[in-house]
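Asker: Pasting a structure below so you can have a look.
Any read-out appearing in this document is the output of simple, stated calculations on the displayed coordinates, not a laboratory observation. Predicted model only: the values in this text are computed from it and were never measured. Reconstructed Cβ throughout: ideal geometry from the backbone, glycine too, with neighbour counts over all protein chains shown.
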Protein chains: 2
Amino acid sequence: MPPRKTVSTKRSAVIKALAHPSRLLIAEALMEGEMCVCDLKDLVGADMSTVSKHLSLMRQAGVLVSDKRGLNIYYRLACDCLGDFLRCLDQLAPKKATTQSCC
Amino acid sequence: MPPRKTVSTKRSAVIKALAHPSRLLIAEALMEGEMCVCDLKDLVGADMSTVSKHLSLMRQAGVLVSDKRGLNIYYRLACDCLGDFLRCLDQLAPKKATTQSCC
DNA sequence: AAACTATTTGGCAATTTAGCCAAATAACCA
DNA sequence: TGGTTATTTGGCTAAATTGCCAAATAGTTT
């Protein structure tokens, strides 16, 4: 595989970890501080096992780090540069503009 | 759907448009300037129809804009804030660190 | 140790996504 | 007009992703 492709494959694994509504919701919530799985389960509104799988996917990708204290496992963002990215996203007009730049 | 979820669903559509190795490769290439479909086909190394479908998905999501000139259709990034995001991604150590933050 | 709580893992069905081929469209040229 | 080039669309199969349930694991409490 050419080097340029290798780089984009690694990067896309990280992006993929954020490219799901529930996972992005989790990332956004964790921008305000760490949370345990049961808190996140309430936020997302899915089965705990589903949330847990989302979390381990995000941890695998390097987006989150976890920390076990007592019975709970707390998750938090591995990097706080995500905020700028989310602000960037909101500038992209969804679907409408076909031939014009947004910014 | 609660408002917080609506927002993250819209945002995740944009992220999804970048969450594929070929599509990210395309986005990275377009950071250096516009390209037509056949240029991108050579870069990605897939069938032109496949590349075309990736491009229309990205345009739908608002990540790219297109511009027809003669026989060619030129694509370029809708927003140049992506560069900062990609730099952020590279700080996230893939997979290794389980309990430590990267930055 | 037994019961309890929080989380993860395995397995499976349903849905979504990817990529190729072939055919359709659109603009250019002779 | 007919031919050629660039791109998109339709259709199909293969592969990946999602989400639930049930069972397993790990730490806590009594």
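Asker: A:Ser22 - would you say it is within 7 Å of chain B (Cβ to nearest Cβ), buried (at least 16 other Cβ atoms within 10 Å of the Cβ) and assigned to a helix (DSSP H, G or I)?
Answerer: When the stated conditions are applied, A:Ser22 does not pass them.
Asker: Further question: Determine, yes or no, whether A:Arg87 is more than 13 Å from the chain's Cα centre (by Cα) and within 11 Å of DNA strand D (Cβ to nearest atom).
Answerer: Values: more than 13 Å from the chain's Cα centre (by Cα): yes; within 11 Å of DNA strand D (Cβ to nearest atom): no.
Here the answer is no, as A:Arg87 does not meet what is asked.
Asker: So which residues in the range B:27-59 are away from DNA strand D (no atom under 11 Å from the Cβ) and facing another protein chain (nearest Cβ under 9 Å)?
Answerer: B:Ala27, B:Glu28, B:Ala29, B:Leu43, B:Val44, B:Gly45
Asker: Go through (1) within 13 Å of DNA strand C (Cβ to nearest atom); (2) at the interface with chain A (Cβ under 10 Å from one of its Cβ atoms); (3) in a loop (DSSP other than H, G, I, E, B) one by one and return the number of the condition B:Gly62 breaks.
Answerer: Of the numbered conditions (1) within 13 Å of DNA strand C (Cβ to nearest atom); (2) at the interface with chain A (Cβ under 10 Å from one of its Cβ atoms); (3) in a loop (DSSP other than H, G, I, E, B), the odd one out for B:Gly62 is (1).
Asker: Tell me yes or no: at least one residue of the range B:69-76 is hydroxyl-bearing (Ser, Thr, Tyr), surrounded by 13 or more Cβ atoms within 10 Å (Cβ to Cβ) and under 17 Å from A:Thr9 (Cβ atoms).
Answerer: First, the residues of the range B:69-76 that are hydroxyl-bearing (Ser, Thr, Tyr): B:74-75.
Going one step further and asking which of them are surrounded by 13 or more Cβ atoms within 10 Å (Cβ to Cβ), we end up with B:74-75.
Keeping just the survivors that are under 17 Å from A:Thr9 (Cβ atoms) gives none.
So far as the range B:69-76 goes, no, none of its residues is hydroxyl-bearing (Ser, Thr, Tyr), surrounded by 13 or more Cβ atoms within 10 Å (Cβ to Cβ) and under 17 Å from A:Thr9 (Cβ atoms).
Asker: If A:Lys68 passes every condition in (1) more than 7 Å from every other protein chain (Cβ to nearest Cβ); (2) assigned to a loop (DSSP other than H, G, I, E, B) but one, which one does it miss?
Answerer: Unmet for A:Lys68, out of (1) more than 7 Å from every other protein chain (Cβ to nearest Cβ); (2) assigned to a loop (DSSP other than H, G, I, E, B): (2).
Asker: So, one more: Please enumerate the residues belonging to the range A:6-16 that are touching a residue at least 24 places away in the same chain (Cβ under 8 Å) and either surrounded by fewer than 20 Cβ atoms within 10 Å (Cβ to Cβ) or within 14 Å of DNA strand C (Cβ to nearest atom) (or both).
Answerer: Filtering the range A:6-16 for residues touching a residue at least 24 places away in the same chain (Cβ under 8 Å) gives A:13-14, A:16.
Result: A:Ala13, A:Lys16.
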